[in-house]
Every structure is written in structure tokens, then in C-alpha cells.
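Novice: Please see the structure below; I have some questions.
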Amino acid sequence: MTKRWDESQNTTAFIYKHISRGGTLVRQLRQIRRALSLREHLISRKAQHHAPMLAATIDLDGLYEIRSRARKLSPSLMDLKYFHIEYWCAEALRRMLFFGIEKVRKKKILDIGTGFGLFPYACEYFAANVQAIDREGHALYDEITDFLGLRKTHHTVKRRQPLPDLGVRFNLITSYLIAFDRPENEEIWSVEDWRFFIDDVFDNQLNADGTLHLELNYIFPIRNWYSKEVKRLFVERGARIDFDRVTLSKR
Ligand SMILES: C[S@@+](CC[C@H](N)C(=O)[O-])C[C@H]1O[C@@H](n2cnc3c(N)ncnc32)[C@H](O)[C@@H]1O
């Protein structure tokens, strides 16, 4: 069994570890940086204000029934944080408002590594047509995304392998809190791996004025989200980079 599973067995130790990790310098600096942006502050307030409404559209009895079985469905206690449903609805709305409702409403969206799927769910609430991708073999995520009525395809993003053909071109492709560029073997994606990914997304997945937006996880071994070389590639491709956020538009 993996180390992650062993850690999860001791609930108290696990919760303590992750609460204390929440105060890392990186996270605090991010919050200070974010606090300086008035736009983000307003978006965050608006998202929090509307989160109870979005949460109220979810059948809580059904959700709690899944929660009662969640410990058996998921190998990691970390996944249970998503049952804090109003918090994650606010986060989903914050992500959506970051683009602006018009960029999402009635648009075609692909969310990579969707997890619980609350971001696609929020977008669908605003009449978007959303598809999601996630790895196979996570029973909790599968149950929740089915329960939320999302369209999800099992697929693992791998270096130099194209995304699956889902039969449509997307206006927006997103990916949040995931580290597909740092697979299990801890080998971080090179510039060429990223070039392949961006080319594939631009050539085969996005429509003519589509946007790719990434908010991936921090990469501790290089003490940043991306290496200097990868950042240079993003800039060459016209990216806007703001800490963990990388936005690349075809136009
Ligand atoms: C921490 S969760 C984040 C879920 C969601 N994006 C969010 O922000 O709440 C990471 C998700 O990415 C998925 N994932 C990780 N590596 C992946 C890969 N290489 N390809 C596809 N999905 C992946 C995991 O299965 C999980 O659902």
C-alpha cells in the first residue's frame, strides 16, 4: 500500500498535518498578493454571496448519503474536504467570475482533472455546455460527478499524448489544483512536453478564439509553479502569468 493510504488511516494525525500545512509561507504570500487586487476581492465577495444559492441547487440528502460512504470510496481523507459544499461552491463561482459570466454563459468548456466537479457544475448553472476529464479509478469522484449530472470522460493526461477527441471544439479549457505536469514518478514536464500540450490544445481542442486557463499546483522541487524555461515558452505563446494562473488565448 502507498504511503498516502497509510497516512489517511490516522484521521487525527492527517487533519493536524494538513491544517498546519495550510499556514505555509507560500500560501500566506499568495493570499497577501491576492489581497492587493481589488478586482479579486470583489469577485471573492460576490462568489461568497452567491455560493449558498448554488449550494441550494444540490440535493443535500443525496450528497450526504454519498458522504456516509465516502471513507470507503476514497483512498484519501483530503478528498473529503469537498463536502464543505458552500466553500467549494464559492470557489467554483470565484473561478467562473474571474473570466466574467459572458465568457462562460452558453459556452463550451472542458475542465481537466475535475475532481468533485463543482466548477463545471457552476458553469452549467450559467447555461454553459461543459465536459470534464479525470483519471479512471476514483470511486468517490465518479459517484459525485454522476450525482451532479456532469459529462465526464476517463482520461489521464500524460506527457506528449494528445487529449481525447470529445467531438467538439471548446471556448474555454480549464484545469485547477492538479499536477498532471508532475506525474507519480516526480519527473516534471520539460519545455518540449509543455509545447506538445499547448500545440495539441490549440490545434485540436480550442475553437478559433478559445482560451486555455491553468491553475495547477505548486511544484516544490523547483520552488515555483514552473521553471524559467517553461515560463519563457508560456510568454512566447502570449500567456498572461499571475502566480499560479496561466492564461493562453488563441487570439
Ligand atoms: C486536487 S483534485 C482537484 C479537483 C478540481 N480540479 C478542483 O479544483 O477542485 C486533482 C484532480 O486531478 C485529477 N488528476 C490528477 N492527475 C491527473 C492526470 N494526469 N490526468 C487527469 N486527471 C488528473 C485527480 O484525479 C483529481 O480529480
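Novice: So how far apart, in nm, are the two label points at R39 and S68 if each is 7 Å from Cα heading toward Cβ?
Specialist: Placing both labels 7 Å beyond Cα along the Cβ direction yields 4.6 nm.
Novice: Beyond 17 Å, what share of the Cα-Cα pairs of segment 148-217 remains, rounded to the nearest whole percent? Numbers along the way, then the final one.
Specialist: Working: 1147 of 2415 pairs.
Of all Cα-Cα distances in segment 148-217, 47 percent exceed 17 Å.
Novice: Apply the Kirkwood formula to segment 102-174: the hydrodynamic radius equals the inverse of the mean of 1/r over all pairs of different alpha-carbon atoms; give it in Å with one decimal.
Specialist: Working: mean 1/r = 0.0805 Å⁻¹.
Evaluated on segment 102-174, it is 12.4 Å.
Novice: Once you sort the root eigenvalues of the Cα gyration tensor of segment 135-251 as a ≥ b ≥ c, which label holds: rounded (a/c under 1.5), prolate (a/b larger than b/c) or oblate (the other case)?
Specialist: Numbers: a/c = 1.78, a/b = 1.23, b/c = 1.45.
Because a/c hits 1.5 or more and a/b fails to exceed b/c, segment 135-251 counts as oblate.
Novice: Sticking with this structure for a sec: Rounded to a whole number of µm²/s, how large is the Stokes-Einstein D of the chain at 37 °C and 0.692 mPa s, given Rh as the Kirkwood radius over C-alpha pairs?
Specialist: Using the Kirkwood radius from Cα pairs, D works out to 171 µm²/s.
Novice: Can I ask one more? For a label point 7 angstrom out from the Cα of T156 toward its Cβ, which stretches of segment 66-90 have the backbone nitrogen within less than 18 Å?
Specialist: Under cut-off, by backbone N: 74-76.
Novice: Fully extended, how many nm does the chain gain between I188 and R232 (0.36 nm per residue separation, minus their Cα-Cα distance)? The partial results should precede the final answer.
Specialist: On the way: separation 44, 0.36 × 44 = 15.84 nm, distance 1.59 nm.
So the chain would gain 14.2 nm between I188 and R232.
Novice: Then there is this: Could you pull out every one of the aspartates and glutamates with an alpha carbon less than 15 Å from that of K158, ignoring same-chain neighbours closer than 8 positions?
Specialist: Counting by Cα, and skipping residues close in sequence, K158 has these aspartates and glutamates nearby: D134, E136, D181, E184, E186, E187, E192, D193, D199, D200.
Novice: Find the Rg to Rh ratio for segment 136-176, where Rh is the Kirkwood radius over alpha-carbon pairs and Rg uses the same atoms. Working shown, then result.
Specialist: Values: Rg = 12.0 Å, Rh = 12.3 Å.
For segment 136-176, the value is 0.98.
Novice: Can you give the convex hull volume of the alpha carbon atoms of segment 29-124 per residue, in Å³? Before the final figure, lay out the partial values.
Specialist: Details: hull volume 11.4 nm³, N = 96.
Hull volume normalised by residue count: 118 Å³.
Rule-based calculations on the coordinates, nothing more; no lab input. Remember, it's a predicted structure, so these values are computed and weren't measured experimentally. Cβ atoms come from the backbone with ideal geometry, glycine included; neighbour counts cover every protein chain shown.
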